[in-house]
Each structure stands twice: as structure tokens, then as C-alpha cells.
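A.B. asks: I have a structure here, written as C-alpha cells, and I will follow up with some questions on it.
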Amino acid sequence: MTAVTVAPNPVKLTRSDFKTEQEVRWCPGCGDYAILAQFQKLFPTLGLPREQFAVISGIGCSSRFPYYMNTYGFHTIHGRAPAVATGLKIMHPEMQVWVITGDGDGLSIGGNHLIHALRRNIDLKIVLFNNQIYGLTKGQYSPTSEFGKRTKSSPFGSVDTPFQPLSVALGAEGGFVARAADREQKHLGEVLDAAAHFKGAAFTEIYQNCPIFNDGAFAPLTEKGQKEANVIFVEHGKPLLFNGGTQGIIFEDFRPKIVNVEEVGIDKICVHREDGPLGYHLALARMHAPEFPTALGIIRRVERPSYDEMVNAQVQTEIEKKGRGDLHDLLNSGHMWTVGA
Amino acid sequence: MSTDTSSPLGDPGSNGRSVESLETVAIRFAGDSGDGMQLTGTQFTSTTAIVGNDLATLPDYPAEIRAPAGTLAGVSGFQVQFGSSDIYTPGDRPDVLVAMNPAALKANLKDLEPGAMIFVNSDAFDARSCEKVDLPPTVLGDGTLDAFRVFEVQFTTLTRGALEGSDLTTREKDRCKNFLALGLMYYCFSRPLEHTEKWLDQKFAKKPDMAEANKLVLRAGFNYGVTTEAFAVSYKVPPASIAPGVYRQVTGNTATAMGFVAAAQLAKSDLFLGSYPITPASDILHELSKYKRFGVRTFQAEDEIAAVASAIGAAFGGNIAITTTSGPGLALKGEAIGLAIMTELPLVIVDVQRGGPSTGLPTKTEQSDLLQAMYGRNGEAPMPVIAAATPADCFDMAIEAVRIATKYMTPVMLLTDGYIANGAEPWKVPDVASLPDLTVHFRTEVEGFQSYDRNPVTLARPWVRAGTPGLEHRIGGLEKADGSGTVSYDPDNHEHMNRIRAEKVARIAADIPDAEVIGDDHGDVLIVGWGGTYGALRAATALLRRKGHKVSFMHLRHINPMPGNVERMLKSFRTVIAAELNLGQLRHLLRERYLVDVKGLNKIQGQPFKISEIVKKIEAVLETPSQEAVL
Ligand SMILES: Cc1ncc(C[n+]2csc(CCOP(=O)(O)OP(=O)(O)O)c2C)c(N)n1
Ligand code: SF4
Ligand SMILES: [Mg+2]
């Protein structure tokens, strides 16, 4: 029962091996299509046979995902996908288990399961499609919708303070915390690839456009002419540069600050470390356009033993130490006595 | 229990040292939560089992972990009934009360019949302690207890005396006084000390001085009985005629845990438990957490929803998956259980019932989750419901639950309750070879695979272990097309699937034994019971029949679907009475299903039935059959 990251005889699979017969039923222009495309591109490259993948989701537009991936799939109930996935992963540590969730599914009804999966560090690849709206139920504000948002259920503007998914993930002891956007396809593929190779709970937030109920929510981050100033792609060991390398981030009084590279010199620019202090990762994750460029990429990557690995190691150690349990011995234990014939 | 209404302990006036023989005795040990009463009771029980008596026990502990010392809320009790004939309950009313303080006396006095023996720790009856529980400080001498045979014993003084010269602190010495009480009871009921002495040596292997001290006090208690005039009479309870074999004590929760380990082995699969701690179910989680060597994985989840959901994930992986809880937790699991019904995955949910609604009476017993088990889900969501009758029966019912779940690809609800979960009885350890073969046949053949293809007899769909090459498929909570298993919104298919899900459960009726019947298959009154009231109802029925009444008892282990003989039985008696610890839930099911005017015998006090109250009520019904019997 050892975890397989790369199969000994890599199986030759292609994108079409991961497509299913089910007709894909998201609205035209939905960001979910782009994400699906990246998954179908990524999976054949991971060196695992198809049966070693499981894709498990909750409820929401995003959670239709498993029906479109030709792997083991489970479309569960609202918010509970991390819990279902946990049971499967504990019993099948050799499988690569993906959890697909939405901002409502993962942070509202399922918030509890999400944070506990992260703190336990169960080896799940959790991908949260954040469209800052309840799509499937037709457009109510979600726990990531901006304060004051007007929707069907908040006609006077919502008075809810939103969650920042990465803050939640970092606060919940997430070891792998990353952000990507549906429109940044190549980058999205790279982030998902890194998540796939991470041993432990990997949390990826994807900014996903819902053209029907929240169109353009991320336009400043994805439209040419705006995104250059509004997005910073972070990379381990590289300085925090954006806007074509002309601007960068430094930290002053523990706070991020935008500077012109020309003025301060490249050496002063903060160099990103995925294994840096949590406070730094939090500060980075919480920079948002338009005040700051929004960070895309792997914010934090620090491995520690995974829950499933440790649970199964305990089982192995017990068996090695005392031998496989014998039912007769179990029943005949404790305080026993014999009644004669 | 004594079948006679007078005390079984004979005439208090007998002179000279003699040994009298008794058929049954019920002893209740009561004291502060910190007095070690559960331990004392358990030791008395173990020794009693070894000398060959049949027995049943009932621990009764406070809901608060540490209620203030000396208060009624803090009284912890342990009752054991033992005898030379079959014992079905811990006894209605104790024949003997051991009271370590005024609170213990006060809390239990109302349960005693005149003539009962009371052993009090007279050292604890100072004015302040008596006042705390509203007893006059003179209670031991002022005639209040004249109806009883009171033995004032200075437990504390005698304990300290026995430990004179020991290096223990006074506090440590005082903590041994429960062994004084135990030693004295061993004397009074002619039990040997060896078993407890051996147990102390093991328990305190690393602290030999503690073992020694407790042994000294145990012997001092016994010797006090030997030398004290007051105990001129001692009693013996001859061994019961018990089927030969190897026995052990089990509580319902331990038996449940072992039953699932056994079932997984018999299924040649690994066991997964997802659970969230809750009284009185937590001990199943504790037990199973020990059995890593058996390949058991236990997952203490963040809540009951995650607990059941994780079990569903494990079932998808092809494992024997269970989740254990009590009423409030079951309420949280409803939606996920519906998912297991929809995805037709095998899963066992154990509900160790306790007093409800809401937090209710967490440490007390009740049978009020039956309708929740039957119906507590959205949509038409039928599932098999079974219930264990006694602590040892939990073992068999755990296996039965797994058998049904895996054979029919369905979640199964197993109901137990606080009374049998914590109660213990001797259990004849089964031979492993005699247990049923539950080997699961996972689908591995790729050719022609459809995820909702059905076995024509059981209507079960194929079970595929996630990870099996070539059988990748998707399941979920959306309605599926029968056969192919793809998402379907077709109206006819939806009706068809609802009917199939119902039919699948209904067909199990042909695959279960008849309900157990004590007595004739026709007569004046049929008592129908289910779950942990088995012992009391059976014993009451035996008593009524001995008095010549045409009363029979039918016990349901399978509640959904019901066994084949139920209808015939219900229709063969003048009066049918469903006796249960709720306001009439089985009664409701029987009336609805069979259109029989079933009456109710109901009690909802957090306490099990007393045999006497059942007998009284049934006798009243026999006199005026038209009356509603409601306790
Ligand atoms: C127990 C339960 N409550 C409510 C719903 C209704 N519901 C379905 S999806 C959803 C919100 C989905 O939002 P999100 O997770 O953001 O997914 P999206 O559709 O935006 O991808 C809600 C409230 C449900 N299916 N189950
Ligand atoms: S409602 Fe929005 S999120 Fe849902 S499928 Fe349509 S576009 Fe996508
Ligand atoms: Mg959403």
C-alpha cells in the first residue's frame, strides 16, 4: 500500500482517454470549460493509469466536473466532497484523489470539511472554482462575493464580509496553497501539475468567470491592458515583479509596498520563497487589485507527512510488530471462563 | 431477580452462622462519581461470572463528568443481578444497596422494596453531607429506614485501619474503600477473592504498593463479614445451568465492535469506521481504534456528516464501511444516508439510542429513534433497519447488518441503545468456523459492465472497488438511468428507480428468519417488542404464563422489512401490545403496515422497563381488554 507518484511503466494515455460520453452542460463561455481542458491535458502526463484517478465533487455548476472526466468519479452532496474523498484516500492511498468544489460548496456549507482536510494534510488535490457567486442556484451572493454586492438575495447590497480562500487555506495549515485563473491557461496547467505532484493536501483556488451571474468579476486580472498592472505571477526564488518587470514588491514595516524597479534597484525586490514564513505568504495572498497586483501561482509549498500515509503506517507497524490479527484470538480475549459439560 | 414480591434474602432474625441458598440477587453499588463504583461493580460481576451464575448488569452514571461531590447529580451506580437460573435483566429493584454516602442512599431509596438490605458507609453520614441532600443527620438511627435491614459499616475507618503502617497518604488510603465494600459483598454472597486479587496485581503491576493496599482492604472487608455478629447469615447463589463452553463478559458496544471486525474478516475486506464522539456510542470508536492489526482504519471526523461521508467514500473504495453515532448524530447524517441509498453502496449506520429530543438525556436509554431510522431522509429513501436485543446479540446483529448491506448493496441501520450498549452479560464465545461466509464478489470483468446492472434476485447493482482497471465510472446523488447508470431526468425512469429501491428492501424479507416467539402462536395477548427491551419483556412473559395467562411475546430483530411470521402472529391474538421505550413508534409501524389495532405499552423515563410494571399492565389489560395500556 505504498503511495505511487510515478508508475513504474508509465502508461501512454492521451487527452481523449479522459473524456467521457456525457455531453458537457455548462453555459456557453463558462470558465469551467477551460479548467476541464487543462485537466484533460494534465492527467495523461502524470504517469498513472486511468483507474488510479478519482475525481470527487460536491454540488454546484463546478461540481458537475466528475461526469466529464473518464476516471473513478463521485458527484456527492453539497459541501461534503472532502469528507467522501478522505474515506476513499485512507483506504486507497495509492490512488490520486482530486476534489472539485466551488466557493459556496467549499467555503459555505462545506467550510468545516475543507479546513479539516487541510489541517490533517490528507493527500487530496482540492481545487476550488471561485466565481464569487452561487451559479447553480442562479445567482445569490456567496461567501467570496464582495461586500455590498447586489444579487437576487441581496437587493440592497450584501453586508457579509467575504472570505479570502487562500487566507482560509493558510490559516487551516494548508501545506500547498496556490491561485490560478481560468483565462491563464498555461499557468493554470503548471499550477495543477505542481498540485498533482505535491504529497499532502494541495489547495488551489481558480478564479473562474461565470458569464451568466457574475460576468467580468475577474476582468481586471484577465483582460489585456489591465492584467499587466493587476497581476503578479509568483515563482519560487524569483523577485516579485510585475508590469513587464518595471514594478516590484518590497516589504516595509511588515507591509507589502509597490516600488519602481528602476528607482530601488532589482536587489531590493522581495524574492519569493514557497517555504517562507506564513505571515509573508498571508500578506502575499491578501494583496488584491487595484491597490496591489493580485498574486497568481504557488504561494506556499511545504511538505509534511500526510494523514493517509501515517494512518496506514500505524496499521503496517502494528501488523509487523504483532502479526496480522486473528479473529479467534480477538473473540477469545479479555476476562474468560469455562463452563464445564 | 426474585419472582416473589417479598425480599429473597430470607428472615433477618435467623440466629447462628448459617449459609442460605438464593435463586437470584440484585445488588446495586452506589457512590460518588469518584468512589469507583463502576469498577467495584465490574469486579463483582467478573467474579460472579466465574463462579457460574448467569447475570446481567446496568451501569448508571451521571451525565456530568465531575458533578460536585456528595450531590444527587454526582451519584454513580452499578447494578448486577445474578442467579442460578436464566437472568434476562439487571433486576427491577435491588435486593441489596451499597451506599457510600448520603447522596447515594437518598438517590436509590425509592427503588428499594421493604426488607431490602442496605450497607451504608456510616463514616460519610456527617451532618453536612446529610444536609446537602436534605436528609436528617439522624437518618441512620431515627427510624426512617426501619423498613429495611440496614448495616452501618465504617468503611472509611476500617479502610484506614487495614492500611495502618502503609506509606500511602490518607487520601490514597481512602480511595481504597470501595474494595472494603467489595470484600464484604464477597463474604455475604460467598464469592472467592482470587479473581480480584489477580486483577489488582495486573492492574498495578507497576505500583505494587497500590496492589497490596487494595488487596489488604479487600481482605479486611471479607474478614469483617466473617467476624462481625451482624453478618451471621451469608448467602450462596448456586451456579446456573449454563450451556458448556468458553464464556466472556461483553458489553453491547464491545460486542458491536467485535461483530464488525468479524464481519470484515468474513467478507475478506478491510473495515473502515468514520465516527464523531457521542455518548453512548463512543466506546465503539474506542474499541475499533485498537484493532489496527485487523486492518481496521478508524477516522475521527470533524462532525457526523463527515463521518458518514467518509464511510461512503470507503465503500466506494470497496471496503466494509460503517459509521457509529447516537440520535443527534443520526439527525446530521440523514442527507448522506440518502446519497448511499441513491448510489446503492453498502454502508452500516449504528445508532446507539439515548434519551431525546435534542441533547435530551445523553447517558440514559430510550428507543425513540425508530421512526428517524425508518424515515429520517428526504425523498423516498427506504433502507433496512435492524435492532439488537441484548449486549451479546450486538455481535450477531453487526454481522447481519454487513451481510444485508453487501448482499443487497444498500445502507443498513443497526439500532442499539444505551442500556444494552453499556450493559454486560456473559457471552458464549462463538467458534469462528460457525460464523457465516460473507465473501464479497467485486466486479472485475470489464466486458458488458454497467454500473446499475442488477442481480435479478437481489436487485443489487455490481460493486466495483475504485481502482479496478477498465471499470472507471461515475456515481452520484442525481437520479441514474437503471442499467447504464448515467444521469437521467426521465420521468418514467425516476418512478421505476423509486420502485426498484423500495422493492430491493422489500425482497430482503425472504432472506431473514421469522421473528422470535416466546409462548403460543395464538392467545389473549401478544406483546411485541424490539431492541433492548427483550430481556424484560421475555422475563415478564414467562411470569405471566406461569400464572396461567395466555400471553405470548414476539421480538423483532428485523424491523424493515419485517419477518414473514409477523402478520400471522398479529392476527392471532385478541389484543396486541407493542411495548417500547417511546410513545409508540413500533406501534405506529405495525398499525400502518398490518391494519391491526395495536395497543401501546410505553415508558419514556430514560430507564429500562421493570418486569413488574409490564406484568401489572398486562394483567390490567387481561382484565379489561378494551383499555389503552399506557404506562
Ligand atoms: C443541502 C443543500 N443545500 C442547498 C443546495 C442548493 N445548492 C446547490 S449548489 C449551491 C451553491 C453552489 O455554489 P458554488 O459552490 O459556488 O458552485 P457554482 O455553482 O457557483 O459552481 C446551492 C446553494 C443543495 N444542493 N443542497
Ligand atoms: S451559471 Fe455560471 S458557473 Fe454555472 S455553468 Fe453557467 S456560466 Fe458556468
Ligand atoms: Mg460559485
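A.B. asks: Considering only residues that are within 7 Å of ligand 1 (Cβ to nearest atom), open to solvent by 10 Å² or more (accessible area, probe 1.4 Å) and more than 13 Å from chain B (Cβ to nearest Cβ), which ones fall in the stretch A:109-134?
C.D. replies: Within the stretch A:109-134, A:131, A:134 qualify.
A.B. asks: Another question about this same structure. Being over 29 Å from residue B:594 (Cα atoms), in contact with a strand residue (DSSP E or B) (Cβ under 8 Å, 6 or more places away or on another chain) and surrounded by fewer than 20 Cβ atoms within 10 Å (Cβ to Cβ), is that true of even one residue in the stretch B:488-496?
C.D. replies: Within the stretch B:488-496 (the criterion being over 29 Å from residue B:594 (Cα atoms), in contact with a strand residue (DSSP E or B) (Cβ under 8 Å, 6 or more places away or on another chain) and surrounded by fewer than 20 Cβ atoms within 10 Å (Cβ to Cβ)), the answer is yes, since at least one residue qualifies.
A.B. asks: Looking at B:562, B:569, which is the one that is assigned to a loop (DSSP other than H, G, I, E, B) and either at pLDDT 95 or above or on the phi > 0 side of the Ramachandran plot (or both)?
C.D. replies: None of the other options fit; the residue is B:562.
A.B. asks: When the residues of the stretch A:93-108 are narrowed to those that are within 16 Å of ligand 2 (Cβ to nearest atom) and in contact (Cβ under 8 Å) with a residue 60 or more places away in the chain, which ends up nearest to the other protein chains (Cβ to nearest Cβ)?
C.D. replies: Per the stated criteria, the residue is A:107.
A.B. asks: Hey, another quick one. Return the only residue of A:100, A:77, A:56 being in a strand (DSSP E or B), within 18 Å of residue A:124 (Cα to Cα) and within 12 Å of ligand 1 (Cβ to nearest atom).
C.D. replies: A:100
A.B. asks: Within the stretch B:241-259, is even one residue open to solvent by 40 Å² or more (accessible area, probe 1.4 Å) and part of a helix (DSSP H, G or I)?
C.D. replies: No, every residue in the stretch B:241-259 fails to be open to solvent by 40 Å² or more (accessible area, probe 1.4 Å) and part of a helix (DSSP H, G or I).
A.B. asks: When the residues of the stretch B:260-290 are narrowed to those that are in contact (Cβ under 8 Å) with a residue 40 or more places away in the chain and β-branched (Val, Ile, Thr), which ends up farthest from the other protein chains (Cβ to nearest Cβ)?
C.D. replies: Out of the qualifying residues, it is B:279.
A.B. asks: Same structure, new question: Name the residue, out of B:595, B:622, B:583, B:570, that is in contact (Cβ under 8 Å) with a residue 12 or more places away in the chain, farther than 18 Å from residue B:518 by Cβ and surrounded by fewer than 23 Cβ atoms within 10 Å (Cβ to Cβ).
C.D. replies: Step by step, each of B:595, B:622, B:583, B:570 is checked, and only B:583 is in contact (Cβ under 8 Å) with a residue 12 or more places away in the chain, farther than 18 Å from residue B:518 by Cβ and surrounded by fewer than 23 Cβ atoms within 10 Å (Cβ to Cβ).
A.B. asks: Right, here's the next one. Would it be correct to say that residue A:88 is in a helix (DSSP H, G or I) and either more than 13 Å from chain B (Cβ to nearest Cβ) or within 12 Å of ligand 3 (Cβ to nearest atom) (or both)?
C.D. replies: no
A.B. asks: So, one more: Name the residues in the stretch B:291-320 that are under 20 Å from residue B:253 (Cα atoms) and within 7 Å of chain A (Cβ to nearest Cβ), would you?
C.D. replies: B:291, B:292, B:293, B:294, B:295, B:297, B:299, B:301, B:311
A.B. asks: Of all residues in the stretch A:209-231, which are out of contact with any Cys (no Cβ under 8 Å at 6 or more places or on another chain), touching a residue at least 60 places away in the same chain (Cβ under 8 Å) and within 16 Å of ligand 3 (Cβ to nearest atom)?
C.D. replies: Within the stretch A:209-231, A:213, A:214 meet the criteria.
A.B. asks: Determine whether residue A:200 is more than 16 Å from ligand 2 (Cβ to nearest atom) and either open to solvent by 40 Å² or more (accessible area, probe 1.4 Å) or within 14 Å of chain B (Cβ to nearest Cβ) (or both).
C.D. replies: Here the answer is no, as residue A:200 does not meet what is asked.
A.B. asks: A further question follows. Collect the residues in the stretch A:158-188 that are surrounded by fewer than 18 Cβ atoms within 10 Å (Cβ to Cβ) and in contact with a Phe, Trp or Tyr (Cβ under 9 Å, 6 or more places away or on another chain), keeping them in residue-number order.
C.D. replies: A:159, A:160, A:161, A:162, A:187
A.B. asks: Given the residues B:127, B:147, which is the only one that is over 18 Å from residue B:218 (Cα atoms) and surrounded by 13 or more Cβ atoms within 10 Å (Cβ to Cβ)?
C.D. replies: Matching residue, one of B:127, B:147: B:147.
A.B. asks: Which of the residues spanning the stretch A:67-83 are more than 16 Å from the chain's Cα centre (by Cα) and facing chain B (nearest Cβ under 7 Å)?
C.D. replies: A:67, A:70, A:71, A:72, A:73, A:74, A:75, A:76, A:77
A.B. asks: Against the definition (of a type outside the set (S, T, N, Q), within 20 Å of residue A:74 (Cα to Cα) and out of contact with any Leu (no Cβ under 9 Å at 6 or more places or on another chain)), how does residue A:176 come out, yes or no?
C.D. replies: Taking the combined requirement at face value, the residue does not satisfy it.
A.B. asks: Here's something else I'd like to know. With the requirement that a residue be within 19 Å of residue B:370 (Cβ to Cβ) and open to solvent by 10 Å² or more (accessible area, probe 1.4 Å), what does the stretch B:516-535 give you?
C.D. replies: Within the stretch B:516-535, B:516, B:534 meet the criteria.
A.B. asks: Return the residue satisfying two criteria in turn: it lies in the stretch A:300-341 and is open to solvent by 80 Å² or more (accessible area, probe 1.4 Å) and facing chain B (nearest Cβ under 8 Å), and of such residues it is farthest from residue A:276 (Cα to Cα).
C.D. replies: Residue satisfying both the conditions and the ranking: A:341.
Per-residue answers, yes or no, for (1) surrounded by fewer than 18 Cβ atoms within 10 Å (Cβ to Cβ); (2) out of contact with any strand residue (DSSP E or B) (no Cβ under 9 Å at 6 or more places or on another chain); (3) of a type in the set (A, V, I, L, M); (4) under 23 Å from residue B:121 (Cβ atoms):
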residue	(1), (2), (3), (4)
B:185	no, no, yes, yes
B:190	yes, no, no, yes
B:200	no, yes, yes, yes
B:215	no, yes, no, yes
B:218	no, yes, yes, yes
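A.B. asks: Being within 14 Å of chain A (Cβ to nearest Cβ), without any contact (Cβ under 8 Å) to a residue 60 or more places away in the chain and open to solvent by 20 Å² or more (accessible area, probe 1.4 Å) is the requirement here; does residue B:499 meet it?
C.D. replies: No: the conditions fail for residue B:499.
A.B. asks: Applying the selection to the stretch B:344-361, what residues are within 24 Å of residue B:259 (Cβ to Cβ) and either within 23 Å of the chain's Cα centre (by Cα) or hydrophobic (A, V, I, L, M, F, W, C) (or both)?
C.D. replies: B:345, B:347, B:348, B:349, B:350, B:351, B:352, B:353, B:354
A.B. asks: Could you please find all residues in the stretch B:491-530 being closer than 18 Å to residue B:396 by Cβ and in a helix (DSSP H, G or I)?
C.D. replies: Those that are closer than 18 Å to residue B:396 by Cβ and in a helix (DSSP H, G or I): B:508, B:511.
The values are calculated or read from the model by the stated rules, or taken from the named source; none is laboratory data. Only a predicted model underlies this, so the values are computations on that prediction, with no experimental measurement involved. Reconstructed Cβ throughout: ideal geometry from the backbone, glycine too, with neighbour counts over all protein chains shown. Areas reflect the complete protein model, heavy atoms only, side chains present, ligands, DNA and RNA absent. Shrake-Rupley method; radii C 1.70, N 1.55, O 1.52, S 1.80 Å.
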